[in-house]
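Notes for the one structure printed next.
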Amino acid sequence: MSATSATSCPLPPPLASEQEEQECSETHMSVLWYAGEFAVTYYDTEDCSVYFMPDTPDSEGLELLQKVTGEVHPKCMVTSAKQDQNIANFLTSLADSDSNKGKIEIVLFPNIDFGLEVSKQRILSRQFPFIPSHMTATEKILYLSSVIPFE
C-alpha cells in the first residue's frame, strides 16, 4: 500500500484518567559521551522502568544519540559538566529547541559523579523492590551484575 492511498481512522479521545497519566509521565535521561561512544540510561515514570544502552559508537554529528533522544522524549537530561564540544553543542541545541513535548531541561553534574566506582556504589546501596530484602550483599552484587554490566 502506498503512502498516498493509506487512510487513517481517528482514534477516540483518551479517557480523562489516561490523559492525566500521559501528562504526568516523564522520562529522565542520563547520557555520557567519550571517545566517539555514548551511553544512555533513562527512567520512565509511567512504568517505573530503567532502561540502558551501553557504550555505543556514534559519529561526530551524534546522529544516533539524536535519534535516541527523539524516540525517548526526555523531560530532563543529566550529564557531566565536563564534555567535549560535540556533545556541548548537542545539549545546547536540545535546551534551545521547543519540541512538541516541550523543552528539555539539561542538568550538569561534576564529572566525578559519573565514575565507575561511584556509580556502582550508588546502585548497590539502593534497595530495589525486585530484590528480596533477605539477600546478602554478595548475592545482591551477583544478581545486579547479571542485569547491569558493571564493567
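Number of residues in segment 53-81 that are open to solvent by 30 Å² or more (accessible area, probe 1.4 Å), under 23 Å from E151 (Cα atoms) and touching a Ser or Thr at 6+ places or on another chain (Cβ under 7 Å) equals 2. For residues in segment 38-52 being open to solvent by 50 Å² or more (accessible area, probe 1.4 Å) and assigned to a strand (DSSP E or B), which is farthest from S25 (Cα to Cα)? Among those that are open to solvent by 50 Å² or more (accessible area, probe 1.4 Å) and assigned to a strand (DSSP E or B), it is F52. Put simply, of I141, I148, I112 the only residue that is open to solvent by less than 60 Å² (accessible area, probe 1.4 Å) and of a type in the set (V, I, T) is I148.
I'd like the residue in segment 108-135 that is part of a loop (DSSP other than H, G, I, E, B) and aromatic (F, W, Y) and, out of all such residues, is nearest to the chain's Cα centre (by Cα).
Checking each candidate, the answer is F128.
Please work out if D84 is among the charged types (D, E, K, R), touching a residue at least 12 places away in the same chain (Cβ under 8 Å) and either under 18 Å from T41 (Cα atoms) or loosely packed, with under 15 Cβ neighbours inside 10 Å (or both). Taking the combined requirement at face value, the residue satisfies it. Does R126 fit the bill of being under 23 Å from T56 (Cβ atoms) and basic (K, R)? So R126 fails the test. The lone criterion from (1) free of Cβ contacts under 8 Å to residues at least 24 places away in the same chain; (2) touching a strand residue (DSSP E or B) at 6+ places or on another chain (Cβ under 7 Å); (3) charged (D, E, K, R) left unmet by E139 is number (2).
Scanning segment 53-69 for any residue that is under 22 Å from E26 (Cα atoms), among the aliphatic types (A, V, I, L, M) and in a loop (DSSP other than H, G, I, E, B) turns up nothing.
The values are calculated or read from the model by the stated rules, or taken from the named source; none is laboratory data. Just so we're clear, the structure is a prediction, and the values are computed from it rather than from any experiment. With ideal geometry, Cβ positions are generated from the backbone for all residues, glycine too; neighbour counts draw on all protein chains shown. To get the accessible areas, we keep the full protein, side chains included, count just its heavy atoms, and leave off ligands, DNA and RNA. Shrake-Rupley method; radii C 1.70, N 1.55, O 1.52, S 1.80 Å.
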